[in-house]
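In what follows, a single structure is set out as structure tokens and then discussed.
The values are calculated or read from the model by the stated rules, or taken from the named source; none is laboratory data. Values in this document were obtained by computation on a predicted structure and should not be read as measured data. Here Cβ is always computed from backbone atoms with ideal geometry, including for glycine, and neighbour counts include all displayed protein chains.
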Amino acid sequence: MANIKELSKLPERLGPGHRLCAGCGASIAVRQVLMGAGNAPVVATCATGCLEVATTIYPFTAWNIPFMHNAFENSAATMSGIETAYRALKKKGKIKKDIKFVAFGGDGGTYDIGLQALSGALERGHNFVYVCYDNEAYMNTGIQRSGATPKGASTTTAPAGKASSGKVQFRKDLTAIVAAHKIPYVAQGTISHWNDLVTKAEKAFKVEGPAFLNVLAMCHRGWRYPQEQAIQIAKLAVETGFWPLIEVENGTWRFTHKPKERKPVEEFLKTQGRFKHLFTEQNKPLIAEVQKEIDNNWARIEHLCEASCKIA
């Protein structure tokens with residue numbers, strides 16, 4: 001596991017003074033992930049989104065490492081080119097040092113419009129870490145629903161009201177989609193369990209080939225909760241099974257943390273304004289649907305863990 005004393009000695013790669021909201025899960029996630037690179041030099045790309053626009057307002061930058069902004073949909077493609085150029089220059093002897101590469105994208109730029117670029121990069125086997133900071137909607141452009149938005153959440157394009165109860169579909173299981181590419185390392189983490197996330201980042205940076213981290217990074221503007229409660233809500237996401245902490249290492253699935261007893265998902269839902277409408281008499285059945293989906297997903301992951309361990 002990550003050593004907090006050693007981590008405190010590492011250089012700060014995302015500096016203070018950026019313009020992300022107070023309590024933003026994305027900035028916390030980025031800092032924890034970059035700790036996993038240790039003292040190695042790191043190059044980052046970032047898709048258009050909250051993280052990019054709030055950390056690189058011209059002529060300022062919060063990044064203390066080489067950083068390249070790219071379009072909404074092609075963070076993985078951009079990093080593929082950078083990593084390929086690095087390998088070519090290293091082969092020619094023009095670069096001697098070992099450099100780590102990390103691509104960041106929000107859920108809109110990863111689950112949806114960036115999925116093709118990500119899938120291609122994984123299939124080609126580029127040696128980099130892709131990090132999805134998952135705040136479960138297109139927050140930067142106005143809180144529109146994405147493939148990561150959970151069922152029942154109210155967004156500007158799937159609003160709750162008399163004619164609608166929020167998003168009608170369950171969210172996409174991106175972690176399983178990425179794991180199906182059979183890459184060396186895939187994991188889910190969140191900002192409340194920092195040791196778990198930093199340890200996963202360390203593993204991701206060490207593997208040869210592509211690695212993927214799906215990090216739940218809450219947004220108080222889109223989720224509608226007091227900004228100082230980000231960590232508590234992240235913990236509830238884990239304790240209710242809404243966001244299982246798992247990893248898939250060389251095809252072997254396992255939980256990295258299991259609550260002693262999972263709390264009902266309504267404990268997580270009731271903390272956020274985006275789910276407020278679910279607690280009316282008309283919409284209460286939706287809570288049961290969400291709970292059933294979480295229970296089924298938990299059982300599915302347990303089955304995958306048992307099956308892959310037997311094969312291993």
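Couple of notes before you dig in:
- Checklist (1) touching a strand residue (DSSP E or B) at 6+ places or on another chain (Cβ under 7 Å); (2) of a type in the set (Val, Ile, Thr); (3) farther than 28 Å from THR175 by Cα applied to ILE99, failing item: (3)
- Here segment 165-178 is the region considered, the condition is being hydrophobic (A, V, I, L, M, F, W, C) and crowded, with 22+ Cβ neighbours inside 10 Å, and the residue that is nearest to the chain's Cα centre (by Cα) is LEU174.
- Breaking point among (1) at pLDDT 95 or above; (2) over 28 Å from THR157 (Cβ atoms); (3) touching a strand residue (DSSP E or B) at 6+ places or on another chain (Cβ under 9 Å), for GLU261: (3)
- Within segment 111-136, the set of residues being assigned to a loop (DSSP other than H, G, I, E, B) and either over 18 Å from the mean Cα position of the chain (by Cα) or at negative phi (or both) comprises ILE113, GLY114, GLY125, HIS126, ASN127, PHE128, ASN135.
- The helices (runs of 4 or more DSSP H) found entirely in segment 164-239 that carry 2 or more residues being charged (D, E, K, R) and at pLDDT 95 or above are 194-206, 230-239.
- Segment 23-36, subset part of a loop (DSSP other than H, G, I, E, B) and touching an Asp or Glu at 6+ places or on another chain (Cβ under 8 Å), residue farthest from LYS200 (Cα to Cα): GLY23
- Scanning segment 58-110 for residues that are loosely packed, with under 15 Cβ neighbours inside 10 Å, of a type in the set (A, V, I, L, M, F, W, C) and not in a loop (DSSP other than H, G, I, E, B) yields ALA85, ALA88, LEU89.
- Filtered residues of segment 37-52 (kept if in contact (Cβ under 8 Å) with a residue 60 or more places away in the chain and in a helix (DSSP H, G or I)): CYS50, LEU51
- Remark: pairs (first residue in segment 216-231, over 18 Å from VAL30 (Cβ atoms); second residue surrounded by fewer than 16 Cβ atoms within 10 Å (Cβ to Cβ); Cβ separation under 6 Å; 6+ apart in sequence or on different chains) = ARG224/GLY273.
- Residue check for ILE113: closer than 29 Å to ALA237 by Cα and either surrounded by fewer than 20 Cβ atoms within 10 Å (Cβ to Cβ) or modelled with pLDDT under 95 (or both): yes
- Residues in segment 125-178 that are hydrophobic (A, V, I, L, M, F, W, C), in contact with a strand residue (DSSP E or B) (Cβ under 8 Å, 6 or more places away or on another chain) and in contact (Cβ under 8 Å) with a residue 60 or more places away in the chain: 8 in all.
- Filtering segment 12-20 for residues that are assigned to a helix (DSSP H, G or I) and in contact with a strand residue (DSSP E or B) (Cβ under 9 Å, 6 or more places away or on another chain) leaves an empty set.
- Tallying residues that are β-branched (Val, Ile, Thr), part of a loop (DSSP other than H, G, I, E, B) and either within 25 Å of the chain's Cα centre (by Cα) or surrounded by 15 or more Cβ atoms within 10 Å (Cβ to Cβ) (or both) within segment 269-287 yields 1.
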